[in-house]
Every structure is written in C-alpha cells, then in structure tokens.
Amino acid sequence: NEKHVRYLNIRKLLQIKGGCLSVIKRLKGKEKRYANDFAHKLSRAIVSFARQFDGCLIADEDLTDIRGNHYSPVFNRRLHQWAFNMTKQFVEYKGRELGLRTLSVYPQGTSKTCSHCGEPKLTRRSGVHFQCKRCKNRLDAYFNAAVNISNRALRYILKAGGVSESRP
C-alpha cells in the first residue's frame with residue numbers, strides 16, 4: 001500500500017537525520033490507525049457481501065506461518081506491514097455477529113493448482129493470469145485461487161460430516 005511505503009520512507013529519513021523520536025512515534029501511531037481502519041472497512045465489505053447469500057461460509061487461507069518464509073527484503077517488509085491476521089479476526093467477529101461461519105484452509109498450492117482439472121504441476125502463472133497446460137484453462141489467477149480455497153473448504157466440510165448452519 002502506498003501509505004505504508006510513504007510512512008516507511010518518512011521514518012527512514014527521520015532516523016537518518018536523527019529526527020525527533022516523538023515524531024517517529026506519532027507517525028507509527030498514524031500508520032497503525034490507518035491499518036486498523038482499513039482492516040475494519042475491508043472486513044465489513046467481506047461480511048456484507050457474504051451476508052447476501054443464504055447459509056454462506058467465509059473461507060480463507062490459513063496464513064499463520066507466512067512470515068516465517070524468507071523472501072526479498074522489499075517483499076518481506078511489505079508482507080510484515082500487512083495486517084492479515086487483524087482483518088481475519090475482524091471478519092470472524094463481524095461474521096459471528098451476523099450468524100456467518102468462517103473457515104481457514106491449508107494454503108499450499110491454491111494459486112498454482114488448476115481449479116478446473118486439479119493439475120498441481122503443469123500450470124503457468126504470470127502476474128494476474130493463470131493458464132493450465134493440461135486442460136488449457138485460462139483464468140484470472142486470483143479467481144483461480146479463490147475457487148481452489150472454496151473447493152478445499154467444501155471438501156473439509158463434507159469430510160467432517162458437514163456444518164448444518166453453513167450449508168446452502
């Protein structure tokens with residue numbers, strides 16, 4: 001997000017110049033409030049959308065260990081600024097208030113597996129485009145991952161014997 005990058009650059013500049021600690025703390029507080037506000041708005045939009053469908057289940061990826069992976073320094077910084085757990089908690093409590101259920105699924109392979117034929121290896125993803133080499137299915141990569149997450153959640157529910165309140 002541009003605001004996170006802007007605050008990061010301002011903090012860096014102040015630290016290099018030996019800036020006032022109170023200004024750095026104030027900026028950090030502003031950034032934290034912005035992230036909190038954004039997470040509330042995003043979770044409200046997700047729950048409002050899900051509420052339109054009778055017996056809807058909100059499924060997401062379990063990203064608990066994502067910060068343990070080591071990527072490039074720039075990507076790590078952006079990843080650590082992402083308040084995904086806060087957003088997830090907000091979706092859970094707002095959904096619970098409205099009688100919606102949430103479920104987290106194992107994330108590995110959701111963006112690399114074809115949602116049409118299930119082929120996990122013979123796929124090509126470049127940016128926002130996904131194409132399966134096996135069945136030639138072409139999709140938006142995010143839509144493909146969302147379908148895979150939905151399918152995993154459905155398999156989990158069926159394997160567990162179902163969740164009566166969340167079935168359509």
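So for the stretch 8-20 (the condition being under 23 Å from the mean Cα position of the chain (by Cα) and at pLDDT below 75), does at least one residue qualify?
Yes, the stretch 8-20 has at least one match.
Of the residues in the stretch 109-153, how many are open to solvent by 100 Å² or more (accessible area, probe 1.4 Å) and modelled with pLDDT of 85 or more?
9
If you go through the stretch 98-108, how many residues are open to solvent by less than 50 Å² (accessible area, probe 1.4 Å) and over 20 Å from the mean Cα position of the chain (by Cα)?
Of the residues in that region, 0 qualify.
Quick one: residue 65 ticks every box in (1) within 26 Å of residue 154 (Cα to Cα); (2) modelled with pLDDT under 75; (3) surrounded by 11 or more Cβ atoms within 10 Å (Cβ to Cβ) except a single one, so which number is it?
(3)
Which condition number does residue 128 fail, the rest of (1) under 16 Å from the mean Cα position of the chain (by Cα); (2) closer than 21 Å to residue 56 by Cβ being met?
Failing condition for residue 128: (2).
State which residue pairs qualify: first residue over 15 Å from residue 2 (Cα atoms) and inside the stretch 32-52, second residue of a type outside the set (A, V, I, L, M, F, W, C) and part of a helix (DSSP H, G or I) in any location, beta carbons under 8 Å apart, and separation of 6 or more residues or different chains.
39/87; 42/87; 43/87; 43/94; 44/94; 47/94; 47/95; 50/95
Name the residue that is nearest to residue 104 (Cα to Cα), counting only residues in the stretch 135-161 that are charged (D, E, K, R) and in contact with a strand residue (DSSP E or B) (Cβ under 8 Å, 6 or more places away or on another chain).
Here the answer is 152.
The values are calculated or read from the model by the stated rules, or taken from the named source; none is laboratory data. The structure presented is a predicted model; accordingly, all values stated were derived computationally and were not measured. So basically every Cβ, Gly included, is an ideal-geometry build from the backbone, and we count neighbours across all protein chains shown. Surface accessibility is based on the protein's heavy atoms, side chains included, excluding ligands, DNA and RNA. Shrake-Rupley method; radii C 1.70, N 1.55, O 1.52, S 1.80 Å.
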